[in-house]
Structures are given as C-alpha cells and as structure tokens.
Amino acid sequence: MTGPVLAVDQGTSGTKALVVCPERGVIGSGSAPVRPRYLPGGRVEVDPRELLDSVVGAGRAALAAAGEPVVAVGLANQGETVLAWDPVSGEPLTDALVWQDRRAEPLCAELEAYAPSLLERTGLPLDPYFAAPKMAWIRRHLTRQGVVTTSDVWLVHRLTGAFVTDAATAGRTQLLDLDTVDWSRPALDAFGLADERLPAVVDADTPVGTTTAFGPELPLTGLLVDQQAALLAQRVTEPGTAKCTYGTGAFLLAQSGPLPRRSTTGLVGCVAWRLAGRTSYCLDGQVYTAASAVRWLTELGVISGAEDIDTVGGSVPDAGGVTFVPALAGLAAPWWRGDLRGSVSGLGLDTTAGHLVRALCDGIAAQVAELADAAAADLGAPLTALRVDGGLTRSALLMQAQADLLQIPVEVSALPDVTALGVGAVARLGYDRALTVAEAVPRWEPSAVYEPAADAGRAAERRARFRTAVAALLDAGPA
C-alpha cells in the first residue's frame, strides 16, 4: 500500500489541495482563491502567476494540515485555458485566456469550412470554448514569441521543468487526433499552428519529474483534466454510466469505453483518460453557467449566496410560470451558440425572488437533461442514473429539479472534492505500477439519492417550456 499523496485541483475560481491516505482518506486540505477577470466582449482572463501561486499555496497548506510526508503529487487542470510563455525562463508572455473566453468567435467563423473535418478528426465542434481557437487568437493578436499551450503545460514546466500534457487535456485542444491520440497535422494546419512546439502527450499516470515547490522533493506522477478526474473518482468507468459536476459551469460526461465515439447529437467525443497505455473515451456536454449564474443572481441582490437557494426557492411551490434560460455566457452543447444571451420570460407583478430562484434551478436542470438525452441517443440506451458532484449539489431544490426533469435517480457523491480525489488516484497509479484502477480509486457511495417526484407528464411540460424559450433565443439570434 502506497503512502499519502498530494492531490491538487487547479480550478477556475480557486485551487483545492488534498493529502489523501489510502487507508484514512483525506488527512489534510488547503485552498487558495483565483480571481479571473470578466471583461466586455466575452473576454475572461487571469494572471498565470496567480494560478501557480494558488497551486503552491494550496499544496503547502494541505501538507501543513496533514503534518506528515507524502510520496507523490497529482495535478488536475482547467482544460481549455491557454497562455503564451517563454520556455527558457518559464515566464508568461500573456495573461491566460480562461476556458469561458469567447474572443476567438470571429476566428472560428472564419474557419467554418474546416468544422466538419475537425469534428471528425478531433471529436470536437469548432467553438472558442476549446483551446486551439484561443491559441490561434493569441498568435494573431498578442505575440509570436515563446510557446502557446494549455495552462497545465506551463504549470508542470514551472514545477518540474517537463514539457508535457496528458492525453485527456490534449483532447480538449481540438488539435488531437481522436483515433491515434497524437497531435493532428491537418488540425494544426487549419488553425495556423503547424510550426508550434508542442508538448509530449503522456499517459495520465506518467512520472514526469520532481518538484520542490511544496517543500521536500516530490515526484509528480499524475496529470488529468478536471472533469475527467471527477469522472474517475465517481467510478464512471463502464459504458453507459454518467456523471455531472456542478461548478462554475455544469459538465456531464458519459463513459463510452475503449473505442472513440463521434457524437451525432452535438456532444463532444473525447479522451476520458489514458492509463498504462490504454485509452478510455467519453462523451462530454457542457453548461457554461451554473454556479456563475447563481453568483449573478447574488450580485443582483436576489439572494445573498448559493446557501439561500433552498430557503428562497422553497418559499414558493414552483417557478410561477417563469422560464429562465441561464445562457449568461452563451449556449454550449448541444446547440453550440456561444453568441447568444440568456433570457427570463413569463414575469409578472406577482413574480418573487423565489420564482426566479426556482426558474434558475429548472433552467440549469433542463440544460443538463438535454445533455443526458443526447448522451443516451449517442450510446443507444437511456441512462439509468446520474452521479453528481460539485458545490451546487448541496441544493436539494436543484437536485430534486434534476431528478424530476431527467426522470431517473440522481445520486449525490458523498466524496467532497472529487476532482482532486480523481487526480490523487492517478498519482497513486503513477507512483505504484502494481496498483489497479479499482484499488486506486476511492470507494464510491452516495450521500443522498433524489428520486423523481414529478410525474413524467409534468416533467415533459417543464422541459417543453424550456425548449420553447431556447428556440426563441435561437430564432432571435445574437443580441
């Protein structure tokens, strides 16, 4: 049995670090905030140094809280966040463009002729959400110097000196061939990135070097993109099973097995992980605004924070005819219309804060239900349950709405911080090659299970209202 590992989850709004012991579970934790800047024109950026400082700060705090040594480190990352940097000095040459950033929209429109071939080759629709459009935008508008990569490559380089990315994170760029799990020359050509120096694509459980950033010299033995790390920790390892993480956005991933699958419904086909040379794939759907929509309501003064969702929303029996499409950063899968804005309809003089909160819960849940239907269509069988994690799963109102609109049980993970736990499991696999995946991943159990309380007809009506509101947005076009 290996000793404890340090598992670091570098996320959009903060970094969480856990010291995870195989026998005793989490024995220390630390966190550090990250403050992305939300700017006009759909721009979202952050100082890369803040990302690195948060990783080091959270990791050191977790180690101090644990009070005992660890044997290895794992690092999870945001996925589609990119920057340019100097590979000699390691210094950033630009701010980091966060995954939510939309400034590459015109570039994607210009490359529309390549969209079908890119989808077939990489599994990803052409959209500024992914890394390659942002990388190409940086090269056109900011700098031709240094290298341009996803944030994990820079963080790993600063920690260890290595120049690598794991296969799942590489799959978020739109530059990875889904079949060969290597960089695609035609995709690089399409984005004008053919001359770039690219990191080596490695297995998630690959020892990539050592770091002294957290104190004693430690091997970095696990790398994985955040949502796939959560997928692993939720033990969604068999085809047909799925999980959804409710964070800044909401992300539904369905396991599709050892063969790549191209979605026909608007989802993303991508690498779940590559462990010990074996690749697993998944289908992925995104809701751009979940907790960020709750934060928006908070800033308007409708509620004082996410902890008020159930209290305020529970003051009314339903949404009172209000329909909320929380596309505050555009619509992601399966529509891929990042240029659209959100909408609230059905308002009246009797509309209260409770109705708005209920409508937001229904809006988030309806978008996730659309993703679940799309995954079921691609997989050829309905999902039988949805495993969920993330901060918003503390809202019984949202989770009940999710079960009602899906008409299947919603199983809330009892494990906090599943992304960190997932990359911690990967770090253990990289450190101890004798371990199996089943042995490395924490035991999974739900803290709560929400069964559908609304009948199928009522659920269908709520979803139909949401689809009508989305159709109105699509017809109206960009604001």
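The values are calculated or read from the model by the stated rules, or taken from the named source; none is laboratory data. Bear in mind the structure is a predicted one, so any value in this text is a computation, not a measurement. Heads up, the Cβs are rebuilt from the backbone with ideal geometry, glycines too, and the neighbour counts pull from every protein chain shown.
Glu50: surrounded by fewer than 24 Cβ atoms within 10 Å (Cβ to Cβ), within 18 Å of the chain's Cα centre (by Cα) and among the charged types (D, E, K, R), yes or no? Criteria not met by Glu50. For segment 416-440, give me each residue that is outside any helix (DSSP H, G or I) and acidic (Asp, Glu). Listed by number, the residues that qualify are Asp417, Asp432.
Filtering segment 111-133 to residues that are hydroxyl-bearing (Ser, Thr, Tyr) and touching a helix residue (DSSP H, G or I) at 6+ places or on another chain (Cβ under 9 Å) leaves Tyr114, Ser117, Thr122. Taken over segment 164-180, the criterion of being surrounded by fewer than 24 Cβ atoms within 10 Å (Cβ to Cβ) and in contact (Cβ under 8 Å) with a residue 12 or more places away in the chain is satisfied by Val164, Asp177, Leu178, Asp179. In segment 31-52, what residues are closer than 21 Å to Trp137 by Cβ and part of a loop (DSSP other than H, G, I, E, B)? Pro36, Asp47, listed by residue number. Only one entry in Ala425, Ala454, Ala434 is closer than 30 Å to Arg274 by Cβ, among the small types (Gly, Ala, Ser) and buried (at least 17 other Cβ atoms within 10 Å of the Cβ), namely Ala425. Can you tell me which residue within segment 407-422, out of those that are out of contact with any strand residue (DSSP E or B) (no Cβ under 6 Å at 6 or more places or on another chain) and hydrophobic (A, V, I, L, M, F, W, C), is surrounded by the most Cβ atoms within 10 Å (Cβ to Cβ)? In this case the residue turns out to be Leu421. Of the residues screened, Leu193 is not one that is within 24 Å of the chain's Cα centre (by Cα) and touching a residue at least 12 places away in the same chain (Cβ under 8 Å).
Yes or no, residue by residue, for (1) part of a strand (DSSP E or B); (2) small (Gly, Ala, Ser):
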site: Ala17; (1), (2): yes, yes
site: Ser29; (1), (2): yes, yes
site: Ser54; (1), (2): no, yes
site: Gly59; (1), (2): no, yes
site: Ala64; (1), (2): no, yes
site: Gly74; (1), (2): yes, yes
site: Pro87; (1), (2): no, no
site: Arg103; (1), (2): no, no
site: Cys108; (1), (2): no, no
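Counting only residues that are without any contact (Cβ under 8 Å) to a residue 40 or more places away in the chain and either assigned to a helix (DSSP H, G or I) or in contact with a Phe, Trp or Tyr (Cβ under 6 Å, 6 or more places away or on another chain) (or both), segment 291-300 holds 4 of them.
So is Thr279 surrounded by fewer than 24 Cβ atoms within 10 Å (Cβ to Cβ) and part of a strand (DSSP E or B) or not? Against the criterion (surrounded by fewer than 24 Cβ atoms within 10 Å (Cβ to Cβ) and part of a strand (DSSP E or B)), Thr279 qualifies. With respect to the stated conditions, Thr206 is farther than 30 Å from Ala385 by Cβ, modelled with pLDDT of 95 or more, polar (S, T, N, Q) and assigned to a loop (DSSP other than H, G, I, E, B). One residue alone among Glu91, Glu110, Glu120 is farther than 25 Å from Arg185 by Cβ, out of contact with any Leu (no Cβ under 8 Å at 6 or more places or on another chain) and among the charged types (D, E, K, R), and that residue is Glu91. The residue pairs whose first member lies in segment 429-443 and is in contact (Cβ under 8 Å) with a residue 24 or more places away in the chain and closer than 10 Å to Thr206 by Cα, whose second member is of a type in the set (A, V, I, L, M, F, W, C) and in a loop (DSSP other than H, G, I, E, B), and whose beta carbons are closer than 7 Å, counting only pairs six or more residues apart or on different chains, are Leu429/Leu435; Tyr431/Val71. Within segment 76-130, if we keep just the residues that are touching a Gly at 6+ places or on another chain (Cβ under 8 Å) and of a type in the set (A, V, I, L, M, F, W, C), the residue that is surrounded by the most Cβ atoms within 10 Å (Cβ to Cβ) turns out to be Ala76.
Within segment 452-470, residues that are among the aromatic types (Phe, Trp, Tyr) reach partners that are in a helix (DSSP H, G or I) with beta carbons closer than 6 Å, at six or more positions or on different chains, in the pairs Phe466/Ala366.
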